[in-house]
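Structure, as structure tokens:
The values are calculated or read from the model by the stated rules, or taken from the named source; none is laboratory data. This structure is a prediction, so every number in the text was calculated from the model and none was measured. Because the Cβ atoms are built from the backbone with ideal geometry, glycine has one as well, and the counts that use them run over all protein chains shown. Note: areas computed on protein heavy atoms with side chains; ligands, DNA, RNA excluded. Shrake-Rupley method; radii C 1.70, N 1.55, O 1.52, S 1.80 Å.
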Amino acid sequence: MLTVSRLTKRFGGFTALNEVSFEVKEGEILGLIGPNGSGKTTCFNCVSGVLAPTAGTIRFLGDDIAGLTPDRICHRGLTRTFQIPRPFRKLSIADNVAVAAHYGATERTSEAEARRRALQVLDLVGLPTDSAALPTQLGAGGLKKLELARALATGPKLLLADESLGGLDPGEMASAADMLRRVRGELGITIVWVEHIMATLMRVVDRVVVLDHGEKIAEGRPRDVAEDPRVIEAYLGEKIVLE
Ligand code: ADP
Ligand code: MG
């Protein structure tokens, strides 16, 4: 579904991503992990069009999308969430999602259709649908759900989810992980998931790609990757415990 080949991103003299290649297969949940600053968000920024790659190709459903703007990439069915949610604070929760449905969908929807879609998505993530509910009333967990709802409302085929569990308590984390499983299972959306809470991520993903200092250092099934000496080394000797 997505083929990233030799993706390189430099900021001045600093190389944030160095010839990173990986594939995403339709229907899978792929984990993208690595220590802080290893280039995970930069990778999402390049794939989703927020940043233009310095070099490399990004093929989505057969077309090279490297360098296209985020709105065009979104209209092709590839969308992402942001690590730091920034909703429209003065719009209701429902309107925030309706805006995403209206402008982000592959086919331009009417306002009524966008609202109907917003309510469906809010229901799925478990957020209030009434027009008086504002994003400013949400805690960290609620804001992450809203961020996911806005992305889902665009009707993606591929979702890039960036560190969606940061700031959540263990109960919220488990339900967020469960939600991504449902997004794949019920909506049939393929997912690349960046998350630094490893134990949670490793239990959900089918496959994992590991970045360190902008380079891919490992790729494979969670169990094998957790045993990989280079991965253990990158995480400063911390062994990832899988139950
Ligand atoms: P991660 O998401 O894995 O924690 P990032 O992709 O955010 O890492 O960052 C990778 C590296 O690139 C970091 O050293 C970061 O400081 C740097 N970086 C990211 N974005 C920019 C930017 N817009 N300008 C300069 N440096 C950046
Ligand atoms: Mg990041």
- If Lys and Arg each add +1 and Asp and Glu each add -1, what is the summed charge of the other residues whose beta carbon sits under 10 Å from the beta carbon of LEU30? -2
- Which net charge results when you count Lys and Arg as +1 and Asp and Glu as -1 among the other residues whose beta-carbon is under 14 Å from that of LEU61? +1
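Taking the chain, how much of its Cα-Cα pair set, in percent, is spaced more than 33 angstrom apart? Before the final figure, lay out each step's value.
Details: 4750 of 29403 pairs.
The share of Cα pairs beyond 33 Å in the chain comes to 16 percent.
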- Message: Quick check: net charge around ASP224, other residues with Cβ under 13 Å of its Cβ, Lys/Arg +1 and Asp/Glu -1?
- Response: 0
- From the backbone phi of region 205-215, what are the Karplus-calculated ³J(HN,Hα) couplings (6.51 cos²θ - 1.76 cosθ + 1.60, θ = phi - 60°) in whole Hz, Gly and Pro given as x? 7, 7, 8, 9, 10, 10, 9, 8, 6, x, 10
- For region 40-50, take each phi angle, set θ = phi - 60°, evaluate the Karplus expression 6.51 cos²θ - 1.76 cosθ + 1.60, and give the result in whole Hz per residue in order, putting x for glycine and proline. 5, 5, 4, 4, 4, 4, 6, 5, 8, x, 5
- Item | Those lysines that a straight Cα-Cα span of less than 30 Å connects to LYS216, excepting residues fewer than 8 apart in one chain | LYS9, LYS25, LYS40, LYS144, LYS145, LYS157, LYS239
- Message: Under 5 Å between amide hydrogens, which residues at least 5 positions from LEU134 or on another chain qualify, with H placed 1.01 Å from N in the peptide plane?
- Response: ILE93
- Would you be so kind as to identify which of LEU2, VAL204, GLY37 lies farthest towards the positive end of the dipole of the chain, taking Lys and Arg as +1 and Asp and Glu as -1 on Cβ and the Cα centre as origin? LEU2
- Item | Long-range amide H partners of ALA66 with built H, under 5 Å | ILE58
- Message: Let me make sure I get this right: for region 108-177, a, b and c are the square roots of the gyration tensor eigenvalues over alpha carbons, sorted descending. Under 1.5 in a/c it's rounded, otherwise prolate if a/b > b/c, else oblate. Which is it?
- Response: oblate
- Taking the chain as a Gaussian network, Cα atoms linked when under 10 Å apart, which of ASP130, ASP206, ASP95 shows the biggest mean-square fluctuation? ASP130
- Using only Cα atoms, find the angle between the long axis of helix 111-125 and the longest principal axis of the chain, and express it within 0 to 90 degrees, rounded to the nearest 10. 50
- Task: Could you state the angle between the C-alpha long axis of helix 140-153 and the longest principal axis of the C-alpha atoms of the chain, as a value from 0 to 90 degrees rounded to the nearest 10?
- Result: 80
- Message: To test your reading of the geometry: what angle, between 0 and 90 degrees and rounded to tens, separates the Cα axis of helix 170-187 from the longest principal axis of the chain?
- Response: 80
- Message: Compute and list, largest first, the equivalent-ellipsoid semi-axes of region 21-69 from the alpha carbon gyration tensor, each √(5λ) rounded to a whole angstrom.
- Response: 18, 16, 8
- Item | Total charge dipole magnitude, the chain, about the Cα centre, Cβ charges on Lys, Arg, Asp, Glu only, Debye to nearest 20 | 560
- Task: Would you mind telling me which residue in LEU138, LEU165, LEU180 has the biggest mean-square fluctuation in a Gaussian network model of the chain, where springs connect alpha carbons within a distance under 10 angstrom?
- Result: LEU138
- Item | Mean Cα-pair separation over length for region 148-222, i.e. relative contact order, pairs under 8 Å, 6 or more apart, % | 28
- If you build a Gaussian network model of the chain, linking Cα atoms that sit under 10 Å apart, which residue out of GLY141, GLY188, GLY13 swings the most? GLY13
- Task: Using DSSP, restrict attention to beta bridges with both residues in the chain and report what percent are antiparallel, rounded to the nearest 5.
- Result: 55
- Rg/Rh of region 20-108 (Cα atoms, Kirkwood Rh), to two decimals, equals 0.99
- Task: Whole number in Å², please: accessible area per residue of the chain, 1.4 Å probe, ligands, DNA and RNA not counted.
- Result: 47
